[in-house]
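The values are calculated or read from the model by the stated rules, or taken from the named source; none is laboratory data. If you're wondering where the values come from, they're calculated on a predicted model, not measured in any experiment. With ideal geometry, Cβ positions are generated from the backbone for all residues, glycine too; neighbour counts draw on all protein chains shown.
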């Protein structure tokens with residue numbers, strides 16, 4: 001039985017698409033007799049014609065992936081777009097490194113492990129990119145005989 005007219009009228013009345021109109025399969029005879037908007041409205045009031053709920057998209061997998069990324073997973077070569085410099089800005093990398101080095105130098109000066117003159121010298125060397133990391137400074141100080149053991153600096 002063709003119910004396209006009734007389906008169209010119901011969709012216009014309810015303000016949804018034709019695909020979302022549900023017609024009770026047991027009452028098809030009553031629906032086929034309804035030819036006007038008022039007849040369709042009566043059927044809607046009786047519950048013979050209803051609107052189907054919108055099918056949603058599950059967030060389960062999205063949430064799972066989010067949790068994985070929080071743990072640091074899914075960051076392999078296959079997931080990367082852009083080169084290393086595009087992903088980690090050179091300047092930001094420098095800022096992060098130099099701040100750590102300068103904080104270490106300040107700490108060494110405050111603990112009287114190095115004097116003002118050596119502090120200034122190391123500061124300038126750090127600025128000219130002579131030290132790659134905090135560890136490099138500690139190794140340099142150990143080699144030059146200023147430090148006996150690098151661990152003593154970190155524990156003080």
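Structure values in brief
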item	result
One residue from 40, 65 being within 30 Å of residue 75 (Cα to Cα) and surrounded by 11 or more Cβ atoms within 10 Å (Cβ to Cβ)	65
Where residue 105 falls short, out of the listed (1) under 30 Å from the mean Cα position of the chain (by Cα); (2) within 30 Å of residue 126 (Cβ to Cβ); (3) in contact (Cβ under 8 Å) with a residue 12 or more places away in the chain	(1)
Some residue of region 67-79 being touching a strand residue (DSSP E or B) at 6+ places or on another chain (Cβ under 7 Å), in a loop (DSSP other than H, G, I, E, B) and modelled with pLDDT of 95 or more	no
Residues (in a helix (DSSP H, G or I) and exposed (fewer than 14 other Cβ atoms within 10 Å of the Cβ)) located in region 88-99	90, 91, 92, 93, 94, 95, 96, 99
Yes/no for residue 59 being touching a helix residue (DSSP H, G or I) at 6+ places or on another chain (Cβ under 6 Å), at pLDDT 90 or above and over 30 Å from residue 6 (Cβ atoms)	no
Options 111, 132; residue that is farther than 30 Å from residue 15 by Cβ, touching a residue at least 40 places away in the same chain (Cβ under 8 Å) and either surrounded by 12 or more Cβ atoms within 10 Å (Cβ to Cβ) or not assigned by TED's automatic domain parsing to the domain that holds residue 14 (or both)	111
From the options 43, 138, residue that is closer than 30 Å to residue 30 by Cα and in contact with a helix residue (DSSP H, G or I) (Cβ under 9 Å, 6 or more places away or on another chain)	43
Test: residue in region 21-32 that is over 25 Å from residue 56 (Cβ atoms) and either in a loop (DSSP other than H, G, I, E, B) or in contact with a strand residue (DSSP E or B) (Cβ under 8 Å, 6 or more places away or on another chain) (or both)	yes
